[in-house]
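*Asks:* Shown below is the structure under consideration.
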2 protein chains.
Amino acid sequence: MPKTNLDQLGINALRVLTMDAIQKANSGHPGMPMGMADVAYVLWTRHLKHNPRDPRWPDRDRFVLSAGHGSMLLYSLLYLTGYPILLEDLKQFRQWDSRTPGHPEYEIDLGIETTTGPLGQGFANGVGMAMAAKHLAARFNRPQFPLFDHYIYAIVSDGDLMEGVSHEAGSLAGHLGLDNLIYFYDDNHISIEGDTQVAFTEDVPARFRAYGWHVQEIDGHDFDAIDAAIRTAKQTPGQPHLIACRTHIAFGSPHKHDSEKAHGSPLGEEEIRLTKEALGWPSLEPFFVPPEVVAHYRLAIPAGEQAEAAWQELMTQYRQAYPEEAAELHRRLDGQLPAGWEKAVPHFRLDSPPLATRVASQQVLNSLAQAIPELVGGSADLAPSNKTYLAGLGDFQQDSPEGRNFHFGVRELGMGGILNGMALYGGLRVFGGTFMVFSDYMRPAARLAALMKLPVIYVWTHDSIYVGEDGPTHEPVEQVMSLRAIPNLTVIRPADANETAAAWQYALEQRHGPVALALTRQKLPVLPEAADKAWEGVARGAYVLSDSPLNRLDLLLIATGSEVVEALAAQKLLAERNVGARVISMPSWENFERQPVFYKLSVFPEHITRRLAIEAGATLGWYRYVGRKGAVVGIDHFGASAPYQKLREEFGFTPENIVEQALKLLTE
Amino acid sequence: MPKTNLDQLGINALRVLTMDAIQKANSGHPGMPMGMADVAYVLWTRHLKHNPRDPRWPDRDRFVLSAGHGSMLLYSLLYLTGYPILLEDLKQFRQWDSRTPGHPEYEIDLGIETTTGPLGQGFANGVGMAMAAKHLAARFNRPQFPLFDHYIYAIVSDGDLMEGVSHEAGSLAGHLGLDNLIYFYDDNHISIEGDTQVAFTEDVPARFRAYGWHVQEIDGHDFDAIDAAIRTAKQTPGQPHLIACRTHIAFGSPHKHDSEKAHGSPLGEEEIRLTKEALGWPSLEPFFVPPEVVAHYRLAIPAGEQAEAAWQELMTQYRQAYPEEAAELHRRLDGQLPAGWEKAVPHFRLDSPPLATRVASQQVLNSLAQAIPELVGGSADLAPSNKTYLAGLGDFQQDSPEGRNFHFGVRELGMGGILNGMALYGGLRVFGGTFMVFSDYMRPAARLAALMKLPVIYVWTHDSIYVGEDGPTHEPVEQVMSLRAIPNLTVIRPADANETAAAWQYALEQRHGPVALALTRQKLPVLPEAADKAWEGVARGAYVLSDSPLNRLDLLLIATGSEVVEALAAQKLLAERNVGARVISMPSWENFERQPVFYKLSVFPEHITRRLAIEAGATLGWYRYVGRKGAVVGIDHFGASAPYQKLREEFGFTPENIVEQALKLLTE
């Protein structure tokens, strides 16, 4: 079908709504939506499989606006095709409590598939969605039952492709041959500092071909070429697709066309008028869209309802043909774990030999993976160290998408963005591992998981200077503390195998926000004191692991992770000196902060002001619990390369030093 | 010259020392050094321009071991060629306080050019060094005086090239045509999880060609091919060089050759014996190297001394021909700022209109740049927002390397690694800007700057929820606090234009560690209270900005950045209610912690326990200063999209709310 006048009006409607909403807000990014309006129109009216009446339909195509600053493009499309974003919402663009914030914020009932804005993240989210779709298709599709059979589309910008995460996720997508991925590259030659010639002159198509992608290069304002390229992509199996679209930022604006000035500022009333005239727009009334244009877009509703109805019919037949699979699929898409899964959580016996919490984690994870088929994940090339491999459950690869072990490669940030995409997709519970020190690389993605409240689990092992010989580059010091500053992220640093098991159980019970497990490289004893208390203790965040052995309480010793056993030893030594110390294990600050005051006070009695915290990491936040009269045995400097037993002594994590610091506190 | 038997012994010496040192430490990564021994030998004996007797010689070639886990390769080369790393040091590999830690740690007097280990960082450091070399050559070389005329070599691994930062820095290096860069890619097909086929199948040569690099592919064990490839690279101008070397990890080991088991574990006594036999090594004695091999390597000393002497002679003539340039160069290489540079620091008048601290920073920076010719930097495509552009000082580009503005592109982490490389190179003072929220992307590089104590300056603007409409993805909440947890990093959040000027002055005076400036997007008044005190106040980290206006002191109000003006307003309102509050401006926690106790107590009197901190960010660490009886007006949740005035009210940063919280504190 050639382009009609109605099509042209539909394209320009995106430009007009964008200009007007941004002008009204006096804030926003008009350039990209105006430049990509042709592509978006063709995609949304001719290809995108979606149902505005049911944004949660599992077999919908996903649309990711990786260049999230162009949010008005997405909001315009959602409004026009009939999602619960109304014209009134567009007029509230970027206002308090509106449905149309500055950058798209994940809200599936509005049709917003992911939060974007930090560049490159949406690119990686889409790759994760495509991996999830491939995996679920392999698990649930059956002959004649293509339950998962759709595409992941994204618009990616120059900025997205400059970001390293686009390399990481792009290279992995090529390796995996994710042919359900169709990305449009908005090649507009403009970034904030001006022409991309100042910093970005790589041959993007050649780069993506080197990753194994199928690449097409088109004029992004050529209606037929856009349509043809999407068709070609769909007909080319075995590779992800990049459609490089040469576009002009702020297309249609007489004075801001091709200018970086159109990137992040309103065009201005006068320029909007001139643009509307240049585009032949029928009215200068702000937010005016001809009714026939809205009606044309709204054909998405009956089309979507029809498509979903056919799929629901397929599901009905599937339920009859494959009742078990259907039940499992429903359960998984509902986000419910299998009944009785908790029974798979191991309880470690007190006669177990000492074991690192990363090893305990491996045992827990492997046991849970048997009970929870949706539990999938991997590591950024550190599975043998992170102990994240799911034995016997296969590798996810192009020819084995049913595998549950994901090899992310040395791509921590890419892994983070991909995990978010997999979690967003649904039907999966995902985890990803690397060394704790490299949580730094993942931080931008972890922040977005927290912002979106995605139930992603991070397995961050080698959690302190006890890394030893690898030295300061590999020894986290400030990481655990600084992760505690991220809202909505629950950090758990278990003290032994049973706290580790409890941490995994807690993490899986969490459906609203990521959980980070901080696990040791070195062996730790299974603590008798924690055997019965670990589960409630982890859930409550802090608990009395061992109360004063004397008839008096002089001091609180508060510790996490591998320092708890040192605190217990110090408690004994202090008792010999007639000092009554209580040992508090505090695996999760966030969980503790969620407890009622009476519980908090029962663990930390108000009148006990002598408090010593022990944690092999930054002391920064500990004063919240120890107060100005307390002290912290911590590390406010970088680590060193040496056997960890040596570092333990040099850095003061022995019971003897804890006792010394405690006595100093008591005599002050 | 064809390979001799002595050459072969020299190559194998690297393998032998690596195996033995790692075995003795019972820890380390033998595979890479054994695989790259041929390349390293050819480079270090036939090409590398260096003087083991003067590792600081400015015109030396730089050698970066980006794959830092192969540290024994570097230590072996340094020992053999005669740097102050002795055989005894190799025997102390990975031990406490040794010169040979697990991963290379920057120590120029030992010949270690940068700290590596976190993958991809060394790749970016090398790009920064190459940029610095180009810039200094453009500034100081003259006809007949090629003072800066050398190469930057690096060994990069599969892991380095999987990391996104290698894309960011690689793409920029190609854009800039850095032909002084010669990188060897250790293409050994092995990563920790096994064959790179599990995750990394991109066409690396094609990828780098797409970036604009000149790429050669060779057998990394072919002596003549290695030599020829380096020669070809040197003769091919206008492009950076990648020499992809197909190698075998743990080359020579009968059972661990080509196995991921050789990556990160000692080979074992028996396998070492078998390997030495297979290599035809003349002795099984650990650490034995034939004296003639050592002697052959030590030819580096006379060769280096001769080369440096010639260069020093050139410098002598240069001093005569270009005395001013020579004096400036000496000063810059010594790390001394120009005499009187402080006079260029603006003092803002109290009748100045309100201005954002990012705008104040722009004025300060531009004034300083006139006085300090070595001050160079740029932004990750946000110069117009970060206000980092140096007006009239030109852009650093392939055809204008004398320019002082660097366009890093949307590559925050790459920028961080490049800034480190530029700072390592010497002769420059560097800064880099992005939004504060994207400091998350830079964190792995900022950590290395801190670990190496490099004087890098970060200009992180848009430092709070006052970003406003762009919403939570662009609003830092936890960043400022979590940066305070990084050892050696000084974070400064100035309250007005004069504190900003003082912060820049402090940052430039700092020679041992990075400084981060947290600057506002929104306008702030120039505070009369700070006009005289800002300089000492910033240097001391916290100071009494405005003492209680009453005859009594009931309360401390502690604030940073844009919240200081709110605290001042609250102080007035409290005085009306007969509450005497002191306002403490606390731009830098790190600087305050360095003060003597008496100063600390003079600002925070011990007996005043009612303390309220006000900062638009995470409260995590504030209890150190306010104690358990204090409180914090902060933000422990994500931000929102709305005009910032609205966010200010909703999130409680008004004087009225501060008063309310203060009164609550006083009545508790």
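*Asks:* I'd like the residue in the stretch B:189-206 that is more than 8 Å from chain A (Cβ to nearest Cβ) and more than 24 Å from A:ALA206 (Cα to Cα) and, out of all such residues, is most open to solvent (accessible area, probe 1.4 Å).
*Replies:* Step by step, filter the stretch B:189-206, then rank; the result is B:ASP195.
*Asks:* List the pairs whose first member sits in the stretch B:237-265 and is free of Cβ contacts under 8 Å to residues at least 40 places away in the same chain, whose second member is part of a loop (DSSP other than H, G, I, E, B), and whose Cβ atoms are under 7 Å apart, counting only residues at least 6 apart or on separate chains?
*Replies:* B:HIS257/B:HIS248; B:HIS257/B:ALA250; B:HIS257/B:PHE251
*Asks:* Can I ask one more? Please verify whether the stretch B:144-152 includes one or more residues that are outside any helix (DSSP H, G or I), touching a Phe, Trp or Tyr at 6+ places or on another chain (Cβ under 6 Å) and more than 13 Å from chain A (Cβ to nearest Cβ). Before you say what the answer is, go through the steps one by one.
*Replies:* First, the residues of the stretch B:144-152 that are outside any helix (DSSP H, G or I): B:144-152.
Cutting the leftovers down to touching a Phe, Trp or Tyr at 6+ places or on another chain (Cβ under 6 Å) gives us B:145, B:147.
Filter once more, keeping what is more than 13 Å from chain A (Cβ to nearest Cβ): B:145, B:147.
Taking every residue of the stretch B:144-152 in turn, at least one turns out to be outside any helix (DSSP H, G or I), touching a Phe, Trp or Tyr at 6+ places or on another chain (Cβ under 6 Å) and more than 13 Å from chain A (Cβ to nearest Cβ).
*Asks:* Within the group A:GLU88, A:GLU105, which residue is in the same structural domain as A:GLY220 (by TED's automatic domain parsing), over 23 Å from A:GLU305 (Cβ atoms), more than 24 Å from the chain's Cα centre (by Cα) and not aromatic (Phe, Trp, Tyr)?
*Replies:* Values: A:GLU105 fails: more than 24 Å from the chain's Cα centre (by Cα).
None of the others qualify; the one that does is A:GLU88.
*Asks:* Quick check: anything in the stretch B:433-447 modelled with pLDDT of 95 or more, touching a Pro at 6+ places or on another chain (Cβ under 7 Å), under 24 Å from B:LEU545 (Cα atoms) and not polar (S, T, N, Q)?
*Replies:* no
*Asks:* Can you pull out every residue in the stretch A:131-145 that is open to solvent by 10 Å² or more (accessible area, probe 1.4 Å), in contact (Cβ under 8 Å) with a residue 24 or more places away in the chain and more than 20 Å from the chain's Cα centre (by Cα)? First the steps, then the outcome.
*Replies:* Restricting attention to the stretch A:131-145, the residues satisfying the condition of being open to solvent by 10 Å² or more (accessible area, probe 1.4 Å) are A:134, A:137-139, A:141-145.
Okay, now just the ones that are also in contact (Cβ under 8 Å) with a residue 24 or more places away in the chain, so A:134, A:137-139, A:142, A:145.
Of everything in the stretch A:131-145, those that are open to solvent by 10 Å² or more (accessible area, probe 1.4 Å), in contact (Cβ under 8 Å) with a residue 24 or more places away in the chain and more than 20 Å from the chain's Cα centre (by Cα) turn out to be A:ALA137, A:ALA138, A:ARG139, A:ARG142, A:PHE145.
*Asks:* What residue, among those in the stretch A:155-172 that are within 7 Å of chain B (Cβ to nearest Cβ) and of a type in the set (D, E, K, R), is surrounded by the fewest Cβ atoms within 10 Å (Cβ to Cβ)? Quick ask: steps written out before the conclusion?
*Replies:* Of the residues in the stretch A:155-172, the ones within 7 Å of chain B (Cβ to nearest Cβ) are A:159, A:162-165, A:167-168, A:171-172.
Next, only the ones that are of a type in the set (D, E, K, R) stay: A:163, A:168.
Working: A:GLU163: 35, A:GLU168: 33.
Ranking the qualifying residues of the stretch A:155-172, first place goes to A:GLU168.
*Asks:* What is the number of the single condition among (1) in the same structural domain as A:ALA495 (by TED's automatic domain parsing); (2) more than 28 Å from A:LEU647 (Cβ to Cβ) that A:LEU517 does not meet?
*Replies:* Unmet for A:LEU517, out of (1) in the same structural domain as A:ALA495 (by TED's automatic domain parsing); (2) more than 28 Å from A:LEU647 (Cβ to Cβ): (2).
*Asks:* Right, next: For the stretch A:223-252, what are the residues that are polar (S, T, N, Q), in contact with a helix residue (DSSP H, G or I) (Cβ under 9 Å, 6 or more places away or on another chain) and more than 18 Å from A:TYR41 (Cβ to Cβ)? Steps first, please.
*Replies:* Start the filter on the stretch A:223-252 by keeping residues that are polar (S, T, N, Q), which leaves A:232, A:235-236, A:239, A:247.
Those still in the list that are in contact with a helix residue (DSSP H, G or I) (Cβ under 9 Å, 6 or more places away or on another chain) too: A:239, A:247.
Answer for the stretch A:223-252, where residues must be polar (S, T, N, Q), in contact with a helix residue (DSSP H, G or I) (Cβ under 9 Å, 6 or more places away or on another chain) and more than 18 Å from A:TYR41 (Cβ to Cβ): just A:GLN239.
*Asks:* Answer yes or no as to whether A:GLU88 is of a type in the set (Asp, Glu), open to solvent by 20 Å² or more (accessible area, probe 1.4 Å) and not in a helix (DSSP H, G or I). I'd like the intermediate steps shown before the answer.
*Replies:* On the way: of a type in the set (Asp, Glu): yes; open to solvent by 20 Å² or more (accessible area, probe 1.4 Å): yes; not in a helix (DSSP H, G or I): no.
No, not satisfied.
*Asks:* Right, here's the next one. Quick check: anything in the stretch A:622-631 basic (Lys, Arg), touching a Lys or Arg at 6+ places or on another chain (Cβ under 9 Å) and without any contact (Cβ under 8 Å) to a residue 12 or more places away in the chain?
*Replies:* Initial filter on the stretch A:622-631 (basic (Lys, Arg)): A:624, A:628-629.
After this cut, where a residue has to be touching a Lys or Arg at 6+ places or on another chain (Cβ under 9 Å) as well, the list is A:624, A:628-629.
Then drop every residue that is not without any contact (Cβ under 8 Å) to a residue 12 or more places away in the chain, which leaves A:624, A:628.
Within the stretch A:622-631, one or more residues are basic (Lys, Arg), touching a Lys or Arg at 6+ places or on another chain (Cβ under 9 Å) and without any contact (Cβ under 8 Å) to a residue 12 or more places away in the chain.
*Asks:* Further question: Out of the stretch A:182-208, which residues are under 27 Å from the mean Cα position of the chain (by Cα) and either farther than 14 Å from A:HIS47 by Cβ or among the aromatic types (Phe, Trp, Tyr) (or both)?
*Replies:* A:TYR183, A:PHE184, A:TYR185, A:ASP186, A:ASP187, A:SER191, A:ILE192, A:VAL204, A:ARG207, A:PHE208
*Asks:* Another one. Of all residues in the stretch B:99-113, how many are open to solvent by less than 20 Å² (accessible area, probe 1.4 Å) and facing chain A (nearest Cβ under 8 Å)?
*Replies:* Going through the stretch B:99-113 one residue at a time, the tally reaches 3.
*Asks:* If you don't mind, there's one more thing I want to ask. Does B:GLY268 fit the bill of being within 14 Å of chain A (Cβ to nearest Cβ) and surrounded by fewer than 21 Cβ atoms within 10 Å (Cβ to Cβ)? Give the steps one after another, and end with the answer.
*Replies:* Numbers: within 14 Å of chain A (Cβ to nearest Cβ): no; surrounded by fewer than 21 Cβ atoms within 10 Å (Cβ to Cβ): yes.
No; evaluated as a whole, the condition is false for this residue.
*Asks:* Do we find that A:HIS69 is in a loop (DSSP other than H, G, I, E, B) and assigned by TED's automatic domain parsing to the domain that holds A:ASN180 in this structure? So that I can check it myself, show each step before the final result.
*Replies:* Details: in a loop (DSSP other than H, G, I, E, B): no; assigned by TED's automatic domain parsing to the domain that holds A:ASN180: yes.
Here the answer is no, as A:HIS69 does not meet what is asked.
*Asks:* Given the criteria of a type outside the set (A, V, I, L, M, F, W, C) and under 23 Å from B:HIS29 (Cα atoms), does B:SER157 qualify? Before the answer, list the steps.
*Replies:* Working: of a type outside the set (A, V, I, L, M, F, W, C): yes; under 23 Å from B:HIS29 (Cα atoms): yes.
It is true that B:SER157 is of a type outside the set (A, V, I, L, M, F, W, C) and under 23 Å from B:HIS29 (Cα atoms).
*Asks:* Provide a single number: the residues in the stretch A:207-239 that are surrounded by fewer than 17 Cβ atoms within 10 Å (Cβ to Cβ), within 14 Å of chain B (Cβ to nearest Cβ) and assigned to a helix (DSSP H, G or I).
*Replies:* The qualifying residues number 0.
*Asks:* Same structure, new question: From B:LEU568, B:LEU553, B:LEU574, grab the single residue that is assigned to a loop (DSSP other than H, G, I, E, B) and either closer than 17 Å to B:VAL603 by Cβ or in contact (Cβ under 8 Å) with a residue 60 or more places away in the chain (or both).
*Replies:* Values: B:LEU568 fails: assigned to a loop (DSSP other than H, G, I, E, B); B:LEU574 fails: assigned to a loop (DSSP other than H, G, I, E, B).
Result of the check over B:LEU568, B:LEU553, B:LEU574: B:LEU553.
*Asks:* Does any residue of the stretch A:492-507 turn out to be within 13 Å of chain B (Cβ to nearest Cβ) and open to solvent by less than 10 Å² (accessible area, probe 1.4 Å)? Break it down stepwise before answering.
*Replies:* Residues of the stretch A:492-507 within 13 Å of chain B (Cβ to nearest Cβ): none.
Among the residues of the stretch A:492-507, not one is within 13 Å of chain B (Cβ to nearest Cβ) and open to solvent by less than 10 Å² (accessible area, probe 1.4 Å), which makes the answer no.
*Asks:* So A:ASN488 clears everything in (1) part of a loop (DSSP other than H, G, I, E, B); (2) closer than 28 Å to B:THR115 by Cβ; (3) in contact with a helix residue (DSSP H, G or I) (Cβ under 6 Å, 6 or more places away or on another chain) except one condition, right? Which one?
*Replies:* All conditions pass for A:ASN488, except number (2).
*Asks:* Test each condition in (1) under 30 Å from A:GLY471 (Cβ atoms); (2) touching a residue at least 12 places away in the same chain (Cβ under 8 Å) for A:VAL345 and report the one that comes out false.
*Replies:* (1)
*Asks:* List the helices (runs of 4 or more DSSP H) that sit entirely inside the stretch A:579-666 and contain at least 2 residues that are within 21 Å of A:GLU478 (Cα to Cα) and open to solvent by less than 10 Å² (accessible area, probe 1.4 Å). Break it down stepwise before answering.
*Replies:* Numbers: elements: A:589-593, A:597-603, A:623-626, A:644-650.
It comes to A:589-593.
The values are calculated or read from the model by the stated rules, or taken from the named source; none is laboratory data. Keep in mind that this is a model prediction, so the values were computed, not measured. Virtual Cβ from ideal backbone geometry, glycine too; neighbours counted across all protein chains shown. Remember, those area values only see protein heavy atoms, side chains included, never the ligands or the DNA or RNA. Shrake-Rupley method; radii C 1.70, N 1.55, O 1.52, S 1.80 Å.
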